[in-house]
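Written below as structure tokens is the structure these notes are about.
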Amino acid sequence: MNYEILEALGQIAREKNVGKELVIETLEAGIVSAARRKYGPNADIRVKFDEKSATMEVQYVRKVVDDLSDEEREIEFDDARTVNPKVQIGEELIVPLAFEEFGRGAIQAAKQVVVQRVREAERENVYQNYHNRIGEIVTGTVQQINRGNIIVNLGRAESLLPFREQIRREQYRQGDTIRALIIDVQKNTKGPQIILSRASEDFLVKLFQQEVPEIMEGIVQIKAVAREAGGRSKIGVASNEYRVDPVGACVGMKGSRVQGIVRELSGERIDIVPYSEDPIAFVTKALSPAKILQTIPDEENKTMKVVVTEDQLSLAIGKGGQNARLAAKLSGWKIDLVSESEFAASRGGPSRAQAIPVSELSGLGPKTIENLVQAGFETVQDIVKASIEDLINVPGVGDVTSQKIYLAAVQHMEAVEEKKKRDAQAAPAPAAPAAVAMEEISLPPPAPAKAAIAIEEEAAIELPPMERVTEPAKEERAKEERVKEERPKEERPKEREKKPQPVAAEAAETVGAASEGKSESEGAPKPGNYLDEIEAMESELSSGWDDDEDEPK
């Protein structure tokens, strides 16, 4: 063996990222395998490699015996004497072998052994290397995309980025650079399988460790993480030094630090909230940007009822319930979000809009109001529901004062209720439907004479009413009037005093107007003729209409 072969072994070691000693040991094992193919599988073959002189010696060792039982490991004394005359029974006969004696088949077998051993050593080295790097961010190049899974070339190894570990909105092409977190290294027949992830929570934590020096140094700690990859994430941070603001350290100057992480995650929203050991305070911060009115924890079931205003309910829930889910995951508490009106209805009390603050009660000083609020009596309704004994326990409120406060609260509530009733009565009643109103109206049946007048009025809408009535019978009425004037007063019938009906009175006015027009040419009639004319007109109208004529009878 010369130095060129030694250099070739060193090159193989560098390319496969294995030790040179391992390559030499593999070569020795290959030569032993080749020799045993010729001399038997149990033959004692020894290989000695000298790195300084770049030489390799192959020896076949057998034991000298009188009675031969194993031809592969023993040799008879007479045969051994032909090789070495000085050998004795019981000693080992060492015979050097040349490579040419192995044959081509043996050399090929030795080559396969060397290649196989080097490949196994390389795989084991890759496995050990990346298994120790689990939880570390690596950078690679997209080599292939197969059914949504991305094969990433890491240089000395290939890794897999499954579809489930990708950010949904991201799209990659062959040759793109990609950063991901090593989450697992698996052994299989084809070699170690390195699994990457960009959707895990640990990937977000590692990005913050790289971007924020305070986290890397341990000054700021990430206590809790909740993430929906590609949509939104929440992290709870705390500081070990009171002079360092954990939220400000993670955000950076003008958001430079967090913006770098957002760009790496393709625009994923990140909420950074201060961590607190108090679950109420932490849940309140975790539900930001929604404003919380009240939180009611249940330590036994680890649930928390959170009360928000009507306009903040949708903001607290978030798009598709995302904000509430992330807050629950971040805090570790089950969160039940309710609006203020729902909470008030479940408790049987007034809502925030209906509540009347204690400050509206007249006669209470600022100190008394402050004491009442601190004691839990924030509204007038709270005072009405309480008893006198509860009010006496308030600091600064005695027996007489508690009775006055209670009486004032009751009177105030009565005044409010009375005002509501007055407002309800003053409000206009809703108009009933026209069909219902018409069904409720019932008209009495008209008198026979009035029915004819109603028909005459309906037929005379477009013309003056008396013009249709008086013109056809003008001559007959004139004759009757002349006859009445010629009668003696004794023979005239007595005038009846009858209260004219509205329609008759209207007709009388019309007749009077007509007579006034007539008096200009024929002279004014006598005062007593108006009633006679009205009676004559009523008698004519009461007689009705002919079926075949439009004129009165």
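The label point for Gln403 and the one for Arg263, both projected 7 Å from the Cα toward the Cβ, are 7.6 nm apart. What does the charge add up to near Ile388, with Lys and Arg as +1, Asp and Glu as -1, over the other residues with Cβ less than 12 Å from its Cβ? With Lys, Arg at +1 and Asp, Glu at -1, the neighbours total -2. In this simple spin-label approximation, Ala8 and Lys254 carry label points 7 Å from Cα along the Cα→Cβ vector, and these lie 6.3 nm apart. The calculated FRET efficiency for Ile392 paired with Ser288, based on their beta-carbon distance and R0 = 35 Å, is about 0.25. Summing charges over all other residues whose Cβ lies under 10 Å from the Cβ of Leu313, with Lys and Arg as +1 and Asp and Glu as -1, gives -4. Taking the stretch 276-348, how much of its Cα-Cα pair set, in percent, is spaced more than 17 angstrom apart? The answer is 36 percent, as a whole percent.
Kindly state, to the nearest 0.05, the FRET efficiency for Ile296 paired with Ile219, given R0 = 45 Å and r defined as their beta-carbon distance. Walk me through the intermediate numbers first.
Numbers: r = 35 Å, r/R0 = 0.79.
Using R0 = 45 Å, I get an efficiency of 0.80.
Using per-residue counts of other Cβ atoms within 10 Å, averaged over each peptide, order 216-226, 191-201, 91-101 from highest down.
Details: 216-226: 16.4, 191-201: 20.4, 91-101: 12.8.
Ranking the peptides 216-226, 191-201, 91-101 by packing returns 191-201, 216-226, 91-101.
Return an integer: the convex hull volume of the alpha-carbon atoms of the stretch 133-197, in Å³ per residue. Spell out each step's value before the answer.
Details: hull volume 5.6 nm³, N = 65.
About 87 Å³ per residue, rounded to a whole number.
A Förster radius of 51 Å, combined with the Cβ-Cβ distance separating Leu68 from Arg156, puts the computed FRET efficiency at roughly 0.45.
Length available on full extension from Glu360 to Glu480: 0.36 nm per residue minus the Cα-Cα distance, which gives 34.5 nm. Net charge of the neighbourhood of Val118, taken over other residues with C-beta under 15 Å away and scored Lys/Arg +1, Asp/Glu -1, is +1.
In this model, which of Lys20/Lys63; Lys334/Lys367; Lys52/Lys111 are farther than 29 Å apart at the alpha-carbon? Correct reply: Lys20/Lys63; Lys334/Lys367. Whole Å is fine, so just give me how far the alpha carbon centre of the stretch 70-136 lies from that of the stretch 170-242. So the two Cα centres are separated by 48 Å. Full extension of the segment from Glu170 to Asp184, taken as 0.36 nm per residue of separation minus the current Cα-Cα distance, would add 2.8 nm. Packing order of peptides 379-386, 132-139, highest average first: 379-386, 132-139 (average count of other Cβ atoms within 10 Å over each peptide's residues).
Between Gln209 and Asn17, the simple label model (points 7 Å from Cα in the Cβ direction) yields a spacing of 2.1 nm.
Every number in this text was worked out from the coordinates using simple rules, so none of it is lab data. Remember, predicted model here, so these are calculated numbers, not experimental data. When we count neighbours, we look across all protein chains shown, and the Cβ atoms used for this are built from the backbone with ideal geometry, even at glycine.
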